[in-house]
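What follows is a set of notes on a single structure, which appears directly below.
The values are calculated or read from the model by the stated rules, or taken from the named source; none is laboratory data. Bear in mind the structure is a predicted one, so any value in this text is a computation, not a measurement. When we count neighbours, we look across all protein chains shown, and the Cβ atoms used for this are built from the backbone with ideal geometry, even at glycine.
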Amino acid sequence: MYLLELLRGAWLIYRMHLGTVVGSRRTIAALVLAAVPVVIAALAAHFGPDEIEGETFFVNIGLVLALGFSVPLLSVSLGVGVVASEAEGRTITYPFTRPIPRASLFLGRWLASLTLLAFLVGSCVLGMAMAANVRSTVPEEYVFQCLVACLMGVTVYSLGSAVIGTLFKRGLVIALGYAFAIEVLLSILPGSGRKLTLQHYLRSIFLDGREGRFGIDENIATTLLIPADDAMVRLWVTAGVLLVLGAYTVTRKQFVLSS
Amino acid sequence: MSAIVEAEALGRWYGEVVGLGDLTVSIEPGITGLVGPNGAGKSTFMKLMVGELRPHRGSITVLGHRPFGSRPLYRRLGFCPQQDALYEHQSGRAFVRDIMRLAGFPRKEADRRAVAAMERVGLAEAMDRKVSDYSKGMRQRTRLAQAVAHDPEIIVADEPLTGLDPIARRQTLELFRALANDGKSVILSSHVLHEVESLTDTMVLIHRGRLLAQGNVRDVRRLINKHPSRVHLKARDPRGLASRLLDEPYVNAVSLSGDGEGLLVETLDVGTFHQRFAAVAGEADAGVRSLVSDDASLEAVFDYLVG
């Protein structure tokens, strides 16, 4: 019964929030951000060294621009405000004094943000693939793996950002700090610190055992990355934990609004 | 008649600031005015009533439910918040309709209720305009519309008359009366005593997070009238003026302030005091420089009551 009410409430909130998300200034900024990698990829494809083939070019820009830049940045910018913007706008009173589970606010608004994120990163990946095709045709499986990795990335990053935004007042700073400082630090430190980063698993999904073909020694690569299936499982578990944490936080937390 | 709201030793604070100290009160069905000066704790009490906040101490029940996150209660309660916040991209009608969807109504019924509620608050012509184009009063009435559209048993309205022009104010007061006639309970807050007085005889006075008085407005008025009114004076010769004022039968007490210029007069007949003062001051030739009556504001009355 609770689950049904949760899903019903989330669906209503999702529909309400989708209109807000699509028309917001933040979304326009996100569209510009999503276009940046495509433009860079197009310029690099035209003016870069001729000896680099399309698939190598795509994998490199996919790792750096899509997974390393667009996915965390877009996810943080749209994810942090999932609940926080409703509290800052002081409209949170309305859903919270209606007979829907509080958690449906988190779920519904996050799904609306995820819909937009999926559209943005999907367009971004396809745009980059088209840019790389100028050099030579990029195999479809590469594009597909990149798309899967990006979608998993926005799912987990946006959930994490939404939880941070719900818990902390300066959620945007904390989430950006995590994505672009803590993760980078963990990935360059010796040892297994990189396994604590989301990027490690996203790269594992994208490359899926093909690291050796792109200049990474296969022996080293197997110690660096894990099989794509394992990475998927770990990211789904992480997403599940974050979803429960976010729902629990919204259910318990009191939002003190100024009059 | 059983109480609709029961608070027992209720306390809520924000960091070190006390929002509500130790409030024990029981509110019966009907229209009840929650009156107190700004910062008295009215909004905090209302937020506890509707479950926006949890108490730090004590307990509160509304229609028998503990409010925080209580879905059964939210089917029976409508809340009009004080904060001027709406979903700006929507029309008033769409806003109320979406809220009604969250209240559990199917789309068509939600829209029907939204239209009816917007008409009821006098926004029939403006309901399809974006709320971002609304005036402050129209936004206030939109908030009220979403609070009453699902036909709740109890309506909690935080300062619902603030920002309304006289016509809208009259319409809103009539709406509250109509709701009461329909058997609904209305709890509304205000820092202006006569606003509430024009609507109901029953009031709860809150001051500094505590219950000061509860009951019939006339009883509260009588209670207020038992306490002397205070008038602050500044004069060139305060001692001479004090001496002359003490001869007047309607003056209860006079005290001099520390700075040597001020004078505090207490009287149970402030009307006669003001009628006679010019003559008395003239006779004393005291050089009166200022006269300020405490009783101009509700806050002063509260200060009296808390001693």
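Here are a few things to note about the model shown:
- Selection count, region A:8-64, where residues are more than 14 Å from chain B (Cβ to nearest Cβ) and under 23 Å from residue A:158 (Cα atoms): 14
- Residue within region B:24-35 that is crowded, with 24+ Cβ neighbours inside 10 Å and within 18 Å of residue A:93 (Cβ to Cβ) present: yes
- Complete set of residues in region B:237-250 that are closer than 16 Å to residue B:292 by Cα and not in a helix (DSSP H, G or I): none
- Verdict on residue B:168 being surrounded by 23 or more Cβ atoms within 10 Å (Cβ to Cβ), of a type outside the set (Asp, Glu), assigned by TED's automatic domain parsing to the domain that holds residue B:198 and out of contact with any Ser or Thr (no Cβ under 8 Å at 6 or more places or on another chain): no
- When restricted to residues that are surrounded by fewer than 20 Cβ atoms within 10 Å (Cβ to Cβ) and either under 12 Å from the mean Cα position of the chain (by Cα) or at positive phi (or both), region B:171-190 contains 1.
- Summed over region A:89-100, the residues that are assigned to a loop (DSSP other than H, G, I, E, B) and at the interface with chain B (Cβ under 7 Å from one of its Cβ atoms) give a count of 7.
- Residue tally, condition buried (at least 18 other Cβ atoms within 10 Å of the Cβ), among the hydrophobic types (A, V, I, L, M, F, W, C) and not in a helix (DSSP H, G or I), over region B:99-126: 5
- Hits in region B:140-157 (condition: within 13 Å of chain A (Cβ to nearest Cβ) and of a type in the set (D, E, K, R)): B:143
- Test for residue A:163: is it at pLDDT 90 or above, surrounded by 18 or more Cβ atoms within 10 Å (Cβ to Cβ) and not polar (S, T, N, Q): yes
- Residue match in region B:260-270 (condition: surrounded by fewer than 19 Cβ atoms within 10 Å (Cβ to Cβ), outside any strand (DSSP E or B) and in contact (Cβ under 8 Å) with a residue 40 or more places away in the chain): yes
- Annotation note: of B:143, B:129, the sole residue that is assigned by TED's automatic domain parsing to the domain that holds residue B:45, surrounded by fewer than 19 Cβ atoms within 10 Å (Cβ to Cβ) and touching a strand residue (DSSP E or B) at 6+ places or on another chain (Cβ under 8 Å) is B:129.
- Taken over region A:161-195, residues that are among the aromatic types (Phe, Trp, Tyr), closer than 24 Å to residue A:106 by Cβ and either touching a residue at least 24 places away in the same chain (Cβ under 8 Å) or part of a helix (DSSP H, G or I) (or both) amount to 1.
- Matching residues, region B:52-61, being more than 10 Å from every other protein chain (Cβ to nearest Cβ) and buried (at least 20 other Cβ atoms within 10 Å of the Cβ): B:55, B:60
- Comparison of A:75, A:104, A:85 shows that the only residue that is assigned to a helix (DSSP H, G or I), more than 14 Å from chain B (Cβ to nearest Cβ), under 22 Å from the mean Cα position of the chain (by Cα) and not acidic (Asp, Glu) is A:75.
- In region B:62-80, residue farthest from the other protein chains (Cβ to nearest Cβ) [restricted to those that are crowded, with 18+ Cβ neighbours inside 10 Å and not in a loop (DSSP other than H, G, I, E, B)]: B:62
- The combined condition, being at the interface with chain A (Cβ under 9 Å from one of its Cβ atoms), closer than 22 Å to residue B:124 by Cβ, at pLDDT below 95 and surrounded by fewer than 23 Cβ atoms within 10 Å (Cβ to Cβ), is fulfilled by residue B:90.
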